[in-house]
Amino acid sequence: MISEKPVVQELVALMLAHGVTRAVLCPGSRNSPIVATLAGQPEVECRSVTDERSAGFVALGWAQQVQAPVAVVVTSGSAVLNLHPAVAEAFYRKTPLLVISADRPASWVGQNDGQTVPQPGVFNSLVRFSAQVPEDDAWHANRVINEGLLELCHRGGGPVHLNVPLTEPFFAMVEEPLPPVRVIGRTEAARMGADEEEALLEEAAALPRRLILLGQQQAPSPSLARLSAEKQFAIVAEHIANAPFADCCRPDTLIGATPVADWSPDLLITCGGDIISKRMKRLLRTHPPKAHWHISADGEVVDTFCALTRVLEGEPEEFWDLLSAFAEEGDETYRARWQAPPATLPEHEFSGMKFVGDFIAHLPENSVLHLGNSSAVRYAQLYPLPAGVSKVLCNRGVNGIEGSVSTAAGYAFAAPDTLHFLIIGDLSTFYDLNGLLAAKECDNLRILVLNNQEGGIFGTLPGMPDCPHIRAPHGESIMAWGGSNFSYTQVTNTTDWPRALELLLSPGPGAVIVEIYTETGQDAAILKEFYKNH
């Protein structure tokens with residue numbers, strides 16, 4: 001017998017998959033679906049303890065004796081508070097104690113409803129991992145349960161807290177086996193033996209359509225560059241991944257508006273940070289791979305495409321070296337799909353996008369390209385990079401528009417022997433006017449400002465209401481702030497551009513700003529046309 005609640009089934013099934021087969025169970029009604037489901041599993045050894053403070057220590061001693069994780073399951077309210085001493089001891093003893101607390105919905109906290117206290121994060125810094133397990137979001141619940149269970153024995157191990165809000169009714173049970181669940185594993189390079197290496201390669205061999213997708217990073221490892229010369233993997237890397245050897249660097253110009261399953265891999269291997277392309281995300285979320293491995297130096301669980309099956313913990317070089325010895329050929333037709341010519345962008349005589357493409361095409365060797373967020377980074381992603389550009393940078397950690405000028409100035413100041421080029425939108429520039437104080441001291445910095453008098457990116461979003469407060473129209477120019485401190489010029493028509501481009505590419509001395517004025521909404525319309533027809 002198991003609870004009919006899917007979140008309880010997910011929790012117990014994942015506990016078994018991760019080898020958590022011992023549990024101390026405390027009485028209560030809110031936690032009864034979890035208790036009954038655990039007690040109904042023949043693989044789980046259960047013990048009942050009434051006093052939660054004692055139960056915590058019983059589980060602690062049990063875990064120390066068997067050298068394996070032990071769960072303690074309590075109901076809501078003061079019950080979970082009584083576990084604090086045992087959790088503190090487990091933290092400093094590095095004992096894998098899994099605390100599972102049932103909870104009431106958050107809306108009832110502070111409403112004079114019984115056994116209700118704020119339970120999420122109640123153990124603060126005394127647990128290795130703490131999460132609220134949502135009752136009504138299957139993917140989120142699966143991910144955080146996997147994260148917590150993985151952390152029990154990770155890097156020395158320690159206590160983990162999973163707080164599970166449950167709504168009534170509690171007591172409906174069904175006579176069914178636990179459902180299949182997605183299990184996220186972790187492979188640590190530092191502890192990987194020959195058998196585990198062989199198992200990884202065997203799994204990859206059984207999945208012929210293999211894709212390496214690189215997120216933002218300063219530079220890929222040399223082993224990955226060597227791996228790109230082989231035929232076992234297709235490699236996709238946007239400009240901010242700084243991997244010019246990739247089969248595809250502009251996925252938005254290749255994947256159709258409605259991605260089909262033919263683009264999706266059997267095995268996806270990811271490494272690095274942010275992915276810009278919404279089409280790439282849509283493809284991998286709607287047509288998920290059979291297996292997704294994410295390489296992470298710190299072992300972090302990053303499930304961008306809702307399909308993660310294994311975290312490869314270690315320096316990327318270690319895993320690229322392992323895969324470079326991989327002998328099984330991949331699906332050549334699949335790799336060729338990513339090597340196909342990209343779609344052609346709509347032609348327009350005068351537009352910000354056109355000038356971005358032309359500017360990028362003329363970037364000199366060994367230069368560094370900095371990109372503002374929103375429109376600038378997306379426009380740049382639509383055009384090929386010259387082979388000589390040494391690096392592409394953008395504040396894609398949280399994708400905010402603030403600080404792009406300042407970041408580029410800081411980077412350029414620290415690398416004075418290199419020319420640095422920043423492409424940025426008008427709102428991002430106004431947001432960081434103080435950055436111009438630092439930028440004017442950088443003789444090696446060239447700034448191209450795309451001024452369409454509003455937040456143009458919002459015009460590309462389907463269904464966006466026609467509200468000027470969203471787009472923030474302004475009618476301002478950067479000339480008043482930058483004209484006297486920089487070599488400055490404006491572009492208002494096609495004949496202005498050659499002179500402006502020459503100024504941008506000049507070796508100096510002196511910082512440069514070129515401001516391009518384009519018609520409001522023009523670039524958004526061009527981009528929407530492209531996405532509509534491709």
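Each value in this text was obtained by applying a stated rule to the coordinates, not by laboratory testing. Values in this document were obtained by computation on a predicted structure and should not be read as measured data. Cβ placement follows ideal geometry from the backbone for every residue including glycine, while neighbour counts extend to all protein chains displayed.
At-a-glance table
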item: Charge dipole (debye, nearest 20) of the chain; +1 at Cβ of Lys and Arg, -1 at Cβ of Asp and Glu; result: 480 debye
item: Label-point gap, in nm, between Asp136 and Glu441 - each point 7 angstrom along Cα→Cβ; result: 5.4 nm
item: Convex hull of segment 185-338 built on C-alpha atoms - directionally averaged projected area, nm²; result: 7.9 nm²
item: Relative intensity, log₁₀ I(q)/I(0), of segment 274-316 from a Debye sum that treats every alpha carbon as a point, q = 0.22 Å⁻¹; result: -0.75
item: 5 Å-binned pair-distance histogram of segment 2-174 (Cα, whole percent); result: 1, 10, 20, 24, 23, 14, 6, 1, 0
item: Overall dimensions of segment 195-276 as given by Cα atoms, namely Rg and Dmax in Å; result: 13.3, 43
item: Amide proton proximity set for Asp103, modelled H, under 5 Å, gap of 5+; result: Val164, Leu166
item: Relative contact order (%) - the chain, alpha-carbon pairs under 8 angstrom, separation at least six; result: 10 percent
item: Within segment 185-338: Cβ-based charge dipole about Cα centre, in debye rounded to nearest 20 (Lys, Arg +1; Asp, Glu -1); result: 940 debye
item: Using alpha-carbon coordinates, inclination of helix 6-17 to the longest axis of the chain, degrees; result: 80 degrees
item: Dipole of segment 352-533, positive end: most advanced residue of Tyr411, Leu445, Val377 [Cβ charges, Cα centre]; result: Val377
item: Rounded FRET efficiency, nearest 0.05, which uses the C-beta distance separating Asn112 from Met173 and R0 of 22 Å; result: 0.10
item: Selection from Gly56, Val389, Ser351, by position along the positive dipole direction of the chain (Cβ); result: Gly56
item: Residues with amide H under 5 Å from that of His370, placed H, sequence gap 5 or more; result: Leu393, Phe421, Leu422, Ile423
item: Label-to-label distance, nm, for residues given as Glu315 and Leu433 (7 Å Cα→Cβ offset); result: 4.6 nm
item: Amide N of segment 335-379 lying under 18 Å from the label point, which is placed 7 angstrom from the Cα of His474 along Cα→Cβ; result: 352, 371-377
item: Overall Cα dimensions of segment 141-270 - principal axes, largest extent first, Å; result: 57, 41, 30
item: Spread of Cα-to-Cα distances over 10 Å intervals beginning at zero, given as percent, for segment 358-413; result: 22, 54, 23
item: In segment 217-278, the trypsin sites (Lys or Arg not before Pro) that fall in loop regions by DSSP, at most 16 other Cβ within 10 Å; result: Lys231
item: At R0 = 25 Å, FRET efficiency that the Cβ-Cβ distance of Leu201 and Val260 yields, to 0.05; result: 0.30
item: Whole-Å distance, taken between Cα centres, linking segment 31-47 and segment 309-331; result: 39 Å
item: 0 to 90° range, to nearest 10: angle between helix 84-93 axis and the chain longest Cα axis; result: 70 degrees
item: Unit charges at the beta carbon, dipole of the chain: most positive-side option, Val122, Thr37, Leu98; result: Val122
item: J(HN,Hα) series, segment 299-307, from Karplus relation 6.51 cos²θ - 1.76 cosθ + 1.60, nearest Hz, glycine and proline x; result: x, 5, 7, 10, 10, 4, 10, 6, 9
item: Rounded to 10°, Cα long-axis angle of helix 404-414 versus longest principal axis of the chain; result: 80 degrees
item: Amide H contacts of Phe129 (H built 1.01 Å from N, under 5 Å, at least 5 apart or other chain); result: His161
item: Ala229-His287 FRET efficiency (beta carbon distance; Förster radius 25 Å; 0.05 resolution); result: 0.35
item: Rounded to whole Hz, the Karplus (6.51, -1.76, 1.60) HN-Hα couplings of segment 360-365, x for glycine and proline; result: 4, 4, 9, 4, x, 5
item: 23 Å Cα-Cα threshold exceeded, pairs from Lys231/Lys290; Lys231/Lys391; Lys281/Lys528; Lys281/Lys532; Lys278/Lys354; result: Lys231/Lys391
